[in-house]
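The structure appears right after this line, and notes come after that.
All of the numbers you see were taken from the coordinates with simple rules; none came from a lab. Predicted model, so just to flag it, every value in this text is computed and none were measured. Glycine gets a Cβ as well: all are built from the backbone with ideal geometry, and neighbour counts include every protein chain shown.
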Amino acid sequence: MKRIGITGIDGLIGWHIRCFLNGCPNIQVLSGNRATFAANDRLDEFVAGADAIVHLAGMNRGNEHEIETTNIALTETLIGACERARRRPHIVFASSIHVTRDTAYARSKRLCAQLIDEWAKRRGARFTTLVMPHVFGECGKPFYNSVVSTFCYQLAGAQTPRIVQDSTLELVHAQSVAEHVFDVIMNGRTGEIVINGFPITVSDVLKKLEHFAQLYRNQIVPPLGTEIDLALFNTYRSYLYPAYYPVAVERKTDERGSLFEAVRSLNGGQCFISTSKPDITRGNHYHRRKVERFFVLEGKATIRIRKLFSNEVSEFVVCGDLPQYVDMPTLHTHNIINTGDTTLTTLFWAHELFDAARPDTYREQV
């Protein structure tokens, strides 16, 4: 069992790393948040139980002096806890491609890395600096974490985004960051490691997202042939949940019967039909990248969805009499329960063909 502590676990990157590690066998995640740093005994216990610590806690917005002093103080406090607990965990420190700038944030990142490096050399511990570009991902805070989060939030709410500065970004999805962190810890990599992102201008990000939003609101799943497009689309969808669902489709009826379109996609993918007896539950899993649709054809069902590590469950009652679908947000566990008295017939669709080597399906009770 590998025990990995995460400071700043409630932030965007921390949550995504926790989601990633949740699907890894023989990994135990230790939560480090504000309450952990508020009391020495809590922090000492956190450090004492960790084989590795991903140090994300800090400020990146606000008063310049406060940013610098807060970030340095948090790092000094973490080192102090390691000393008190007489522990030498592998520390993975989150830095930034902007670390060379003359700003309070950049200065604090440089000094924090120096402080941990000096401690690691003094105590014979492993230390890694991960230099990250512009990180984005599902459930980020708009107007705070990323311009991607802000654009997605605005488009999901039918607002008109505005570009303040059309600079070039180097985008990396938070799940990709989590993969790098996992690789660093499991393989004992040390030193400075730079994570490369996808270069794109702010205006081109907005164009992509606007295109996705237009297609999706016309019930067309946009082309998702590249990793960046899939990551951006899944991030956009996270801001539509739960208010946008379930989505009703038009049923066309004549003397022969009826017809409706279950999936309109530019990706192909895979669909299958399942039947479930009354009270049977299917699902109880989540996906990191897969776009998956539940569409009830006959019978009555309740679809239940819960964001990972949240206690709040959203429920959607759907039936075959009124054609509706719900697309599962990534990093949310979900299931479907036959709540009717007859057999439930459900169409399941995913944007990609099932790959047994990379199933992207992780068991988790709703």
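Brief remarks follow.
- Remark: the chain projects, on average over all directions, an area of 20.1 nm² (convex hull of Cα atoms).
- Note on ASP166 and ASP279: with the Förster distance fixed at 51 Å, the Cβ-Cβ geometry gives a FRET efficiency of about 0.40.
- Considering only GluC sites (Glu not before Pro) in DSSP loops that have at most 12 other Cβ atoms within 10 Å, the longest stretch of the chain without any of them is 1-249.
- In order through the stretch 246-259: 3J(HN,Hα) via Karplus (6.51 cos²θ - 1.76 cosθ + 1.60), integer Hz, x for Gly, Pro: x, 9, 8, 10, 6, 9, 9, 10, 9, 5, 7, x, 9, 8
- Cross-link partners for LYS307 among the lysines, with Cα-Cα distance under 19 Å and sequence neighbours closer than 8 places in the same chain left out: LYS141, LYS290.
- Relative to the longest principal axis of the Cα atoms of the chain, the long axis of helix 147-156 makes an angle of roughly 20 degrees.
- Helix 64-85 vs. the chain, principal-axis angle (Cα, 0 to 90°, nearest 10): 80
- Efficiency of FRET between TYR244 and ASP102 - r from beta-carbon atoms, R0 45 angstrom, step 0.05: 0.55
- Percent of Cα pairs in the stretch 255-366 per distance bin of 5 Å, from zero to the largest separation: 2, 12, 22, 23, 20, 14, 5, 1, 1, 0.
- Sum of side-chain charges, ASN145 neighbourhood, beta-carbon under 13 Å (Lys, Arg +1; Asp, Glu -1): 0
- Ellipticity at 222 nm from helices only: DSSP H runs of n ≥ 4 in the chain, each -39500 (n - 2.57), divided by the residue count, give -10500 deg cm²/dmol.
- For the chain, the longest principal axis of the Cα atoms and the long axis of helix 12-22 meet at an angle of about 70 degrees.
- Once the Cβ-Cβ distance of CYS271 and ASN63 is raised to the sixth power relative to R0 = 35 Å, the FRET efficiency obtained is 0.10.
- Taking the empirical scaling 2.2 N^0.38 Å for compact globular proteins as reference, the stretch 240-307 has a Cα radius of gyration ratio of 1.31.
- The residue list HIS351, PRO222, ILE13 was ranked by how far each Cα lies along the charge dipole of the chain toward its positive end, using unit charges on Cβ atoms, and ILE13 comes out on top.
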